[in-house]
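S.K.: Below you'll find the structure I mean.
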């Protein structure tokens, strides 16, 4: 199974992060800030271009592939599908691709791609159910790795940051589990009538 989608449009701008920018420098000898100061982000007016990041994600292994494009067209989507076909292992007999219902995913070029690659079976997720595609929570992780707390002047810088973050992810990949990480909880004792804990 493979999950496919686009992230974007991503604009060349400043993305907020966790670093706090203080209005005054620290005035204590040890470098700590004495005043309560307001946290501000540097003003960033305007957009300096936009682009889309196309992505493929294999939840069972954690492998990911991303590639930037200037637009979200059927030709770009078909080009990305060809990249994914080359990226997938050749020994896989069947490829189940989970895709949303965007009109560019249903063009004639995509239909011809499906006919040319018979091992591909496209499964369209129901409308208004983006949470069923496991690439969506992975996009959040990728955004925090690549974009959080950074300022970009061009779309090419965003593409390079996404590529570095994807490389980092693939070096530290793990099977992706849906939902939140389970915390350790003590087991409740078995029994019919348990006294309520106060």
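S.K.: Taking residue 76, is it without any contact (Cβ under 8 Å) to a residue 60 or more places away in the chain, assigned to a loop (DSSP other than H, G, I, E, B) and in contact with a strand residue (DSSP E or B) (Cβ under 7 Å, 6 or more places away or on another chain)? First the steps, then the outcome.
M.R.: Details: without any contact (Cβ under 8 Å) to a residue 60 or more places away in the chain: yes; assigned to a loop (DSSP other than H, G, I, E, B): no; in contact with a strand residue (DSSP E or B) (Cβ under 7 Å, 6 or more places away or on another chain): yes.
Answer is no for this residue.
S.K.: Any idea which of 54, 124, 80 is under 20 Å from residue 136 (Cα atoms) and loosely packed, with under 14 Cβ neighbours inside 10 Å?
M.R.: Answer to the selection: 124.
S.K.: Condition test on residue 90, is it loosely packed, with under 12 Cβ neighbours inside 10 Å and either under 17 Å from the mean Cα position of the chain (by Cα) or part of a loop (DSSP other than H, G, I, E, B) (or both)?
M.R.: Working: loosely packed, with under 12 Cβ neighbours inside 10 Å: yes; either under 17 Å from the mean Cα position of the chain (by Cα) or part of a loop (DSSP other than H, G, I, E, B) (or both): yes.
In short, yes.
S.K.: Report yes if residue 31 is outside any strand (DSSP E or B) and either surrounded by 16 or more Cβ atoms within 10 Å (Cβ to Cβ) or at pLDDT below 90 (or both), otherwise no. Please lay out each step first, then the result.
M.R.: Working: outside any strand (DSSP E or B): yes; either surrounded by 16 or more Cβ atoms within 10 Å (Cβ to Cβ) or at pLDDT below 90 (or both): yes.
In short, yes.
S.K.: Here is a list of conditions, (1) in contact with a strand residue (DSSP E or B) (Cβ under 6 Å, 6 or more places away or on another chain); (2) at pLDDT 75 or above, and residue 20 meets all of them except one; can you say which number that is?
M.R.: (2)
The values are calculated or read from the model by the stated rules, or taken from the named source; none is laboratory data. It should be emphasised that the depicted structure is a prediction, and the values quoted were computed from it without experimental measurement. Note: ideal-geometry Cβ built from the backbone for every residue, glycine included; neighbour counts use all protein chains shown.
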